Structure formats: structure tokens, C-alpha cells
Amino acid sequence: MTSHPRSLSTIQNADIGLPRWVTRQNAQSAENTRFFAGAAVMKLDLMLQGADKGFPAALLSDRLALGAALACLKFEGRQDTEQALRDAVCLARDDEALGPGGEAFAFWRRGARIDLRSGDWADRLVRLLPERQRETVVMADLIAGGADSLLGWVAEVVERALKTHPRQEAMALMLGDCVLARSLGWPHPVPLLAAHMTRRDLRAMSIRQQDASEVVGCALVNGSDTALRLGDQLNRQASRLREMEPKLRNRSASQAIEVFLTHDAVSPSGMLSPVIRGTATSMTDRAARRLCDRLVDLGVVRELTGRATFRLYGL
Amino acid sequence: MFRPTLFDTELADMPPELRWREWMGRIEAVIFASAAPVPREDLARVVGQGASVDLLIEDIKAELRGRPYDLVAVASGWMFRTRPHYAKAVQEAADVADQYLDLREFEIAVLAAIAYHQPLTREGLKDIFGQEVSRDLIARLRSQGLVTVGPRSPRPGAPHTYVTTEAFLQAFDLQSLRDLPEPT
């Protein structure tokens with residue numbers, strides 16, 4: 001087994017992401033990788049626990065899902081852009097196909113909403129796969145644990161899934177995220193691993209050229225760092241957005257704000273009108289557009305596309 | 001009192017051996033009569049509650065050994081397929097390529113462009129081919145179930161994009177879009 005030092009991301013501000021002693025240098029040894037991964041997950045756990053205090057965990061996961069989908073499309077040799085994935089899921093109507101990019105994003109965002117506390121979480125994950133792939137997946141075999149450590153188990157699950165289903169990287173990495181989250185008592189998986197893996201990492205794992213727990217451990221450190229920074233940023237933006245609610249003088253404002261706090265991007269015409277998504281509250285197209293414009297004026301929401309039409313808004 | 005006759009799937013009055021044969025016959029007949037692959041749920045409807053469709057199909061396949069065709073599982077169900085050994089003979093006797101999908105060269109090219117660049121609008125196709133791709137041509141691909149409507153493109157007029165379908169993968173015997181040959 002060859003092992004070369006794997007670089008961990010370098011960061012400046014230790015208050016937000018991971019402390020510098022975690023990310024400053026190459027891990028140098030498998031032992032260090034495990035140690036740093038534990039530290040990384042610990043800090044992330046503390047952040048996610050703030051969920052009762054209004055931490056926008058769903059929004060964080062949704063945005064991380066977008067990054068994970070992009071990474072998985074790259075494994076397939078596709079060159080979709082973030083914008084294209086957003087457009088697909090926001091602009092397609094219920095009866096329209098999403099296309100490969102949109103489907104990848106839909107897989108990750110639906111996966112990130114699975115309730116891991118329910119007994120059938122693994123079946124729900126299977127149901128997100130394309131029909132033709134469902135029959136071949138035996139979840140119980142894939143998530144069976146034999147490793148003596150948590151990181152070892154997550155790595156084992158990813159490695160095994162890649163080996164039995166070599167072309168379903170997304171499923172393998174999502175399973176790793178699920179097993180980790182479940183073991184830590186998180187209610188939903190947080191997409192951490194996929195965006196920090198390369199095609200080479202996956203190959204090295206599937207031919208056992210490199211120790212899977214080292215590859216997964218590094219992805220976990222870097223994934224946690226990304227999640228911490230993004231989470232911190234979204235948390236601040238979310239509380240500012242909530243503070244603006246009284247200024248909006250709109251009866252449905254709190255429900256509309258909830259959509260912003262749970263979705264990567266919001267299309268006023270599809271997700272706020274004719275009814276606000278997830279509610280029975282109706283809102284006219286005009287009111288939805290006005291609300292979005294107002295939120296942009298107040299500086300709490302951004303227009304994400306730079307287009308004059310088919311605009312999408314988000315934190 | 002008049003009652004519609006219910007289709008008897010259980011065949012309780014038959015001896016087990018005969019019953020099994022009748023079920024096998026039904027499954028074979030249903031697949032034979034269908035133009036499209038038959039999903040397992042549909043097959044399960046013509047046999048008894050406890051009967052395993054998979055075991056029945058295995059028995060049918062065993063009987064077909066030595067025959068020039070076989071029963072195969074494709075993405076959406078079961079279908080008959082001639083064995084590869086006879087491909088030449090079938091091609092010789094009938095203009096199969098035309099009969100199967102009836103795709104002309106340009107249609108294949110359009111289909112390939114959609115497969116590689118999906119989601120793709122007609123405008124996008126025009127950029128690729130340097131000429132207008134008619135709505136009729138796309139309608140033909142759609143009616144053959146090879147492409148379907150994807151998300152709208154965020155441009156003036158909100159044109160629809162087109163994407164390939166499961167049937168497309170099946171028709172070209174691909175497991176996923178990754179099996180498309182590398183474009184040269």
C-alpha cells in the first residue's frame with residue numbers, strides 16, 4: 001500500500017473554520033488523519049447543535065448538496081455548472097424531466113433531507129436512485145459494519161459501495177455521509193465527503209491502492225472545514241434575514257422566509273407563488289417578485305443569476 | 001345474480017404441475033404479445049398470488065435453450081430477443097435498422113447531440129448543426145420515446161430543453177449516459 005502525504009486545506013481564520021493545527025500541514029500519518037478528523041467533526045457537531053437556536057442546518061445541507069452533486073458529475077466526466085443545476089431544479093415543472101445535472105442535484109438534496117432517525121432511512125435512499133439501479137442495491141450488505149472505529153466504518157462503507165457499484169459514486173459517498181451522521185446522532189446527513197474527493201481518490205480506494213480511511217479522513221477534515229465556514233456565513237445571514245421580517249409588512253413573510261432558510265435558491269414564480277412551498281398560503285406572482293426585490297434592497301438576499309428574467313434568489 | 005367473470009389467477013382446481021405450466025404459458029404469451037418490455041408487476045397479475053415470476057421466467061428460459069431467441073431482462077421489464085448468433089440472418093432478411101427505430105442519419109445525429117449536451121434547446125441544436133432542426137424531427141424522437149421535455153431554458157421565450165429518456169438507454173443498450181462512447 002503506497003501512502004503519500006495528503007494536503008489538507010490551508011486557512012487563515014481559525015475562529016470560523018478549523019484551528020490551524022488541524023489544517024496547517026499535511027497529515028503526515030494515518031494516525032494524524034484520524035485525530036484531525038475527530039477534531040473536525042467535533043467542531044462541526046457543536047455548530048449543528050445550534051439548530052434549536054435557529055442555525056439554518058437545512059440550508060447548509062442544501063448548499064453542500066449542490067457542491068456534492070457538482071463533484072459527482074465531474075467524476076462522470078460531465079462539466080455542468082452550479083448555475084445549470086440550480087436552473088434545472090428551480091425551473092423544471094413537475095412533469096418535466098430534470099436532465100442529468102438536475103437529477104444529480106435532486107439526488108443529493110433529497111438525500112440530505114432523509115430523516116436518519118427513522119428505521120427505513122436506507123430504503124428511502126434506495127428510492128432516490130434511478131429505477132434500473134434500485135434492484136441491484138442490497139443496502140443491508142452495504143452498510144454492515146465490521147470496522148473497529150467510526151472513521152473505519154464510514155470508510156469501509158464507501159469503499160465497499162464503490163467496489164460493488166463502481167459507477168454509483170454518488171450513492172457510495174452519500175452512504176458514507178449517512179453512516180457518519182447517524183452515528184453522531186445528527187437527524188439528517190450532511191454532504192461532507194463528495195466535494196473533497198477526486199476521481200483519483202476513488203480509484204485508489206476501489207483498487208485498494210490507498211487506505212480508504214485515510215482518503216475518507218482527509219475528505220472529512222476538508223469537508224468539515226468547508227461546512228464550518230459556509231455554516232457560519234449562512235448563520236449570520238439567516239439571523240439578519242429573520243430580523244427583517246417585521247419590516248416586510250407582509251402577512252406571509254415568515255413562511256416565505258422559511259423557504260429561503262431551507263433552499264439553496266428560490267424562484268419567486270415557482271416556489272413562492274401560487275402557493276408558498278411547503279404551505280397552503282397563497283401568494284401572487286407579483287407579490288412574490290416584490291418580496292424578493294425588497295429582500296435584495298434590504299441586503300439580506302442575493303439575486304444569484306445576474307439575469308433580468310428567470311431570476312433566482314438565495315442567501 | 002349476474003357477476004362479471006373474474007380472471008382466475010390462482011387456478012386452485014388444477015394439479016400443481018399443470019398450474020405451473022399454465023402460468024408459464026401465460027407469462028410467455030403476455031411478453032410475446034407486447035410490443036414493449038413487460039414489467040414484473042404486469043406479469044404478476046396473470047399468475048397466482050404466491051407464484052414467483054422470477055422462477056417462472058427461469059423455467060421458460062430453460063425451455064428456450066437451443067431456440068434462436070431468448071427472454072431477457074431490460075431496464076423496464078422482460079422481452080424476447082433473437083440471439084446474437086442470428087443477427088446476420090435477421091439483417092439479411094429484413095431491413096432491421098429501418099424497421100426498429102426508423103431513424104435517419106440526421107435524426108441519429110440530433111439524438112446524439114441531445115445525448116451529449118443535454119439539456120439542450122432547439123437553439124442549442126442550431127448552434128451545433130449550423131441549421132434549423134425542425135420541430136417535426138424532434139416530435140418524431142419524442143413520439144418514439146427517445147427524448148423528452150426537460151427544464152425550460154432561462155432565456156427569452158423560455159424555450160424547452162430536451163433530454164434523453166430511459167427508453168433511449170434501453171434502445172442503445174446503455175446502462176447509463178456514461179456508457180456513451182467518448183466523443184471524437
For this session: Would you mind checking the pairs A:Lys163/B:Lys126; A:Lys74/B:Lys126; A:Lys74/A:Lys163 and listing those with alpha carbons more than 30 angstrom apart?
Result: A:Lys163/B:Lys126
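At R0 = 22 Å, how high is the FRET efficiency between A:Ala30 and A:Arg117 if r is their beta carbon distance? Nearest 0.05 is fine.
That gives a FRET efficiency of 0.10.
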For this session: Apply the Karplus parameterisation 6.51 cos²θ - 1.76 cosθ + 1.60, with θ equal to phi minus 60°, to every residue of region A:306-315 and state each ³J(HN,Hα) to the nearest whole Hz, in sequence, with x for glycine and proline.
Result: x, 8, 8, 10, 6, 6, 10, 10, x, 6
Seminar exercise, completed: Per the C-alpha gyration tensor (a ≥ b ≥ c, the square roots of its eigenvalues), region B:142-184 is rounded if a/c is under 1.5, else prolate if a/b beats b/c, else oblate; here it's oblate
Exercise. Put +1 on the Cβ of each Lys and Arg and -1 on the Cβ of each Asp and Glu in the protein assembly as shown; which of A:Leu173, A:Thr226, B:Gly48 then has its Cα farthest toward the positive end of the dipole?
Worked result: A:Thr226
Exercise. For region A:200-277 and region B:18-85, what is the separation of their C-alpha centers, rounded to whole Å?
Worked result: 47
Seminar exercise, completed: From DSSP H assignment alone, runs of 4+ in chain B each adding -39500 (n - 2.57), the sum over residues rounded to the nearest 500 puts [θ] at 222 nm at -13000 deg cm²/dmol
For this session: Would you please give the residues with an amide H less than 5 Å from that of B:Leu120, counting only those at least 5 places away or on a separate chain, with H modeled from the backbone geometry?
Result: B:Tyr162
For this session: Please list A:150-159, B:144-153, A:282-291 highest first by mean number of surrounding beta-carbon atoms within 10 Å per residue.
Result: A:150-159, B:144-153, A:282-291
Seminar exercise, completed: region A:17-111: Kirkwood hydrodynamic radius (Cα pairs, Å) comes out at 15.7
Problem set entry | Exercise: per-residue mean of other protein chain Cβ atoms within 10 Å, B:147-160 | 5
For this session: Just subtract the alpha-carbon distance of A:Leu46 and A:Ser254 from 0.36 nm times their residue separation and send over the number in nm, one decimal.
Result: 72.2 nm
Exercise. Which whole-number percent is the relative contact order of region B:105-184 (Cα, under 8 Å, 6+ apart)?
Worked result: 28
Seminar exercise, completed: Given backbone amide H placed at 1.01 Å from N, residues whose amide H is under 5 Å from that of A:Val266, ignoring those fewer than 5 places away on the same chain, are A:Tyr313, A:Gly314
Exercise. Computed over the Cα atoms, what is the radius of gyration of the protein assembly as shown divided by 2.2 N^0.38 Å, N being its residue count?
Worked result: 1.14
Exercise. Among B:17-24, A:80-87, what's the highest-first ranking by average C-beta atoms within 10 angstrom per residue?
Worked result: A:80-87, B:17-24
For this session: Would you work out the relative contact order for chain A, in percent, from Cα pairs under 8 angstrom that are 6 or more residues apart?
Result: 21
For this session: Could you work out the mean count of beta carbons from other protein chains within 10 Å of each residue's beta carbon in A:89-100?
Result: 6
For this session: Could you check how much of the accessible area of the protein assembly as shown is carbon and sulfur, as a whole percent, using a 1.4 Å probe?
Result: 51
Exercise. Using alpha carbon centroids, what distance separates region A:155-183 and region B:137-170, in Å?
Worked result: 32
Exercise. Given a 1.4 Å probe, how much area per residue of chain B is accessible, in Å²?
Worked result: 64
For this session: Provide the FRET efficiency to the nearest 0.05 for the A:Arg302-A:Val275 pair, computing r from the beta carbons and using R0 = 30 Å.
Result: 0.80
Exercise. If you plug each phi of region A:78-92 into the Karplus form 6.51 cos²θ - 1.76 cosθ + 1.60 with θ = phi - 60°, what whole-Hz ³J(HN,Hα) values come out, in order, with x for Gly and Pro?
Worked result: 8, 10, 6, 9, 3, 4, 5, 5, 4, 4, 4, 6, 8, 9, 6
Seminar exercise, completed: For chain B, the dipole about the Cα centre with charges only on Cβ (Lys and Arg +1, Asp and Glu -1), to the nearest 20 debye, works out at 420
Problem set entry | Lys/Arg +1, Asp/Glu -1 at C-beta; region B:46-184 dipole; positive extreme among B:Ala171, B:Gln91, B:Ala112 | B:Ala112
For this session: Calculate, axis by axis, the spread of Cα positions in region A:110-205 along the three principal axes, and write the results as whole Å, longest axis first.
Result: 34, 33, 25
Exercise. Using a cut-off of 25 Å between alpha-carbon atoms, which lysines can reach B:Lys88, once sequence neighbours fewer than 8 places away in the same chain are excluded?
Worked result: B:Lys61
Problem set entry | Protein accessible surface hidden between A and B, which excludes ligands and nucleic acids, total in Å², probe 1.4 Å | 1700
For this session: With θ set to phi - 60°, apply the Karplus curve 6.51 cos²θ - 1.76 cosθ + 1.60 along region A:224-236 and write out the HN-Hα couplings as whole Hz, x wherever there is a Gly or Pro.
Result: 5, 4, 4, 5, 5, 5, 4, x, 4, 5, 5, 4, 5
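The values are calculated or read from the model by the stated rules, or taken from the named source; none is laboratory data. This is a predicted model, so every value here is computed, not measured. Using ideal geometry, Cβ is built from the backbone for each residue, glycine included, and neighbour counts are taken over all protein chains shown. Side chains included, ligands, DNA and RNA excluded: accessible areas come from the protein's heavy atoms. Shrake-Rupley method; radii C 1.70, N 1.55, O 1.52, S 1.80 Å.
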